[in-house]
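J.: Okay, handing you the structure first.
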Amino acid sequence: MIAVKVDSVKKTFKAEKSVVTALQQINFDVSKGELFGLIGPDGAGKTTLFRILTTLMLADEGTASVDGFDVVRDYKEIRKRVGYMPGRFSLYQDLTVEENLSFFATLFNTSLEENYDLVKAIYQQIEPFKKRRAGALSGGMKQKLALSCALIHRPSVLFLDEPTTGVDAVSRKEFWELLRDLQKHQITIIVSTPYMDEASLCDRVALMQNGKIMEINSPKGITENFKKPLWAVRGENMYQLMQTLQASEVIDSCYPFGQYHHVTFTDAIPDSQVASELAKIAPVTEVKKIPATIEDCFMELMRQ
Amino acid sequence: MRILRILLEKEFRQIFRDPAILRIIFMMPMIQLLVLPMAADYEIKNVNVAVVDLDHSTYSIQLVNKVKASGYFNLVDYNESFEKSLEYVEHDQADIVLQIPASFEKDLVREDKATLFMALNAINGVKANLGGAYLRSIINDFNREVRLDWVQLPRVNPQPTFQISSINWFNPLMNYKIFMVPGILVVLVTMVGSFLTALNIVKEKEVGTIEQINVTPIHKYQFILGKLIPFWVLGLTTLSIGLTLEWIFYGIVPVGNLSTIYIFAAVYLLGVLGLGLLISTYAQTQQQAMLISFFLIMIFILLGGLYTSIESMPVWAQVFTKFNPVSYFIEVIRMVVLKGSTLYDIRFHLLAAAAFAVVLNSWAIVNYKKRS
């Protein structure tokens, strides 16, 4: 069953004199209970897409439906059944954790008690601070509160706009575990993130760039599409190494990834000759073959 | 109902948790009502006069003494040079130069008439005008005394003259405070009602909380009522505080019925809140809302009849005041406080206030969108 359907959605914004295309011809479907990731850098159009799907904004062209309801015609129905967590913390900072929750619960004509089983896992972590004002919470706690508020009415589709931006590594990991748990409740989750490493935690991801979806696939499918052998290379002077490699005609691409540079060759070279081939171009201390990550695929797609 | 209740609960919680808002609501009326009326004084006192006496006669000295004794004037200098006196004006130390010519007494006695010269510093038009008028009336008075001294008036006055005596209705002592303080209170109530509402909603826009509300299934009217009711209550609270302060510090007790003021205020506030709502639908940031409010309050005050009477404005400005809700309330509160007008007397004002409420709120509701 399809929970979210987006059909050739287009959105433009008028900037001074020029027109900025935020979304061009976006198409995708998300099935019920899926954890779907929108991966892309800032400005890719993720938030605009979310705002259209949560009925806060009208698309210029195309149609979209959430839970079988049209985002324009049946927006009232959609508002009853989606949970939206905007990228910026948008709860009342001067109300306490408890007050925020009961406020949003009441707006949806429900209560914390009614849906306690759903938010329990998350709410328990912030419960010790329930008398604290939301503004005084730490970043990770704020995210959890926002997620609780978005879940309080047992939505069938949950939209999370960059929920882990600005959150520490541990909280991020916890957050994704929570999302995995939520899937058990048959909630469709659409999450956007600029972090490529989080893509592998989704069931399927859409790689977005400049208002376009470059590829939609499972994380595994995406990395399998990376056909060229990928090599991780290290040297004494990493910056100089990168510049030399990028200048070389033998090398197709070279991007810095942490302690290594990820390198592909223009023409296929037998694995055994790679080290010697590289040594001809620049001094390298370590060379190893690695499987491609989502980020490698993203970089590759961006080049095309 | 449950939704409206939680919206109100939330709004009041936020208001009472924000010390700045509380301070504005309670301190603003205190300061404005207690300090401003002291300064916003129509009466002109301490007009500085420099006298150029070229005569030095008994009469000229009598005249100068009379001016001094009136209590309105300070004698800055008494000299023989107009240039020197004008210098005082140039340095803003004198407002009026009164020149008594050399032959003042001689002319008065011989030719039955004498001339005096008055130069007014017109930079402050009001002061010059009123000061000049005071001085003229003192001189006239002096003139009459002189004539009485000289001539034995016949029993029947050969020329018919009018004697005018006046009585000030509604404000016998012409106490400007009774007149000003209620007017200032109106401006205050207006500010609390409209601008706090506008800022409050725009703040939700800025912080992003309005988005979170917009994705919920609540209705537009619930959201708007949830915003209007708290500030309606706050507006009436400010009015009550203001009326109490007026009574305690100025002894102003409305001649008319207090309920007349409250009934009008209740309707009037709806319009004012609608204005706040309207501003908030146009402004994207609190800064914008602030500037629009500032612009409007200037117009409201200057074209509201608070300081200058509407009747003496040019016709176009008078037309303009018809579209200024503040002018209606200022008139009403003065009518009730000073004259004791009843609901029947202010029925047209009430109608106008209701019209403002309907128009401004409808406009705001049409313009308020839950989506962009």
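J.: Mind listing whichever residues of region A:109-122 are within 25 Å of the chain's Cα centre (by Cα) and either within 14 Å of another protein chain (Cβ to nearest Cβ) or among the hydrophobic types (A, V, I, L, M, F, W, C) (or both)?
T.: Residues satisfying the conditions are A:Leu118, A:Val119, A:Ala121, A:Ile122.
J.: Would you pick out the residues in region A:198-211 that are under 13 Å from A:Pro41 (Cα atoms) and either small (Gly, Ala, Ser) or surrounded by fewer than 20 Cβ atoms within 10 Å (Cβ to Cβ) (or both)?
T.: A:Ala199, A:Ala206, A:Gln209, A:Asn210, A:Gly211 - these are the residues of region A:198-211 that are under 13 Å from A:Pro41 (Cα atoms) and either small (Gly, Ala, Ser) or surrounded by fewer than 20 Cβ atoms within 10 Å (Cβ to Cβ) (or both).
J.: Can you say whether B:Gly251 is away from chain A (no Cβ under 14 Å) and surrounded by fewer than 18 Cβ atoms within 10 Å (Cβ to Cβ), as far as the supplied structure shows?
T.: Yes, satisfied.
J.: For the structure I just gave you, tell me whether A:Gln125 is of a type in the set (S, T, N, Q) and more than 14 Å from every other protein chain (Cβ to nearest Cβ). Talk me through it step by step, then tell me what you get.
T.: Working: of a type in the set (S, T, N, Q): yes; more than 14 Å from every other protein chain (Cβ to nearest Cβ): yes.
Answer is yes for this residue.
J.: When region A:97-113 is examined, which residues are found to be surrounded by fewer than 21 Cβ atoms within 10 Å (Cβ to Cβ) and more than 16 Å from B:Arg2 (Cα to Cα)?
T.: Of everything in region A:97-113, those that are surrounded by fewer than 21 Cβ atoms within 10 Å (Cβ to Cβ) and more than 16 Å from B:Arg2 (Cα to Cα) turn out to be A:Glu98, A:Glu113.
J.: A further question follows. Kindly indicate whether any position in region A:184-196 is closer than 30 Å to A:Glu300 by Cβ, of a type outside the set (Phe, Trp, Tyr) and in a helix (DSSP H, G or I).
T.: Scanning region A:184-196 turns up at least one residue that is closer than 30 Å to A:Glu300 by Cβ, of a type outside the set (Phe, Trp, Tyr) and in a helix (DSSP H, G or I).
J.: Of everything in region A:145-176, what is surrounded by fewer than 16 Cβ atoms within 10 Å (Cβ to Cβ), out of contact with any helix residue (DSSP H, G or I) (no Cβ under 9 Å at 6 or more places or on another chain) and not hydrophobic (A, V, I, L, M, F, W, C)? Give them in sequence order.
T.: A:Lys173
J.: Note down all Cβ pairs under 7 Å where the first residue falls in region B:228-256 and is in the same structural domain as B:Leu196 (by TED's automatic domain parsing), the second is surrounded by fewer than 20 Cβ atoms within 10 Å (Cβ to Cβ) and assigned to a loop (DSSP other than H, G, I, E, B), and they're at least six residues apart or on different chains.
T.: Sorted first by the residue in region B:228-256, then by its partner, the pairs are B:Trp247/B:Val253; B:Val255/B:Gly340; B:Gly256/B:Gly340; B:Gly256/B:Thr342.
Rundown of residues vs (1) among the small types (Gly, Ala, Ser); (2) in a helix (DSSP H, G or I); (3) touching a Cys at 6+ places or on another chain (Cβ under 7 Å), yes/no style:
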{"position": "A:Ala206", "(1), (2), (3)": "yes, no, no"}
{"position": "A:Lys227", "(1), (2), (3)": "no, no, no"}
{"position": "A:Val263", "(1), (2), (3)": "no, no, yes"}
{"position": "A:Val287", "(1), (2), (3)": "no, no, no"}
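J.: Let me ask another. Just a yes or no: is a residue in region B:128-136 modelled with pLDDT of 80 or more, farther than 19 Å from B:Tyr72 by Cβ and not β-branched (Val, Ile, Thr)?
T.: The answer is no, given that none of the residues of region B:128-136 is modelled with pLDDT of 80 or more, farther than 19 Å from B:Tyr72 by Cβ and not β-branched (Val, Ile, Thr).
J.: What's the number of the condition B:Lys10 fails, among (1) closer than 30 Å to B:Gln212 by Cα; (2) surrounded by fewer than 19 Cβ atoms within 10 Å (Cβ to Cβ); (3) modelled with pLDDT of 85 or more?
T.: (2)
J.: Return the pair list, or none, for Cβ contacts closer than 6 Å from residues in region B:107-124 that are more than 17 Å from B:Asp53 (Cβ to Cβ) to residues that are modelled with pLDDT of 85 or more, at least 6 apart or on different chains.
T.: B:Leu120/B:Ile96; B:Leu120/B:Gly132; B:Asn121/B:Val89; B:Asn121/B:Asp95
The values are calculated or read from the model by the stated rules, or taken from the named source; none is laboratory data. All values derive from a computational prediction rather than experimental measurement. Using ideal geometry, Cβ is built from the backbone for each residue, glycine included, and neighbour counts are taken over all protein chains shown.
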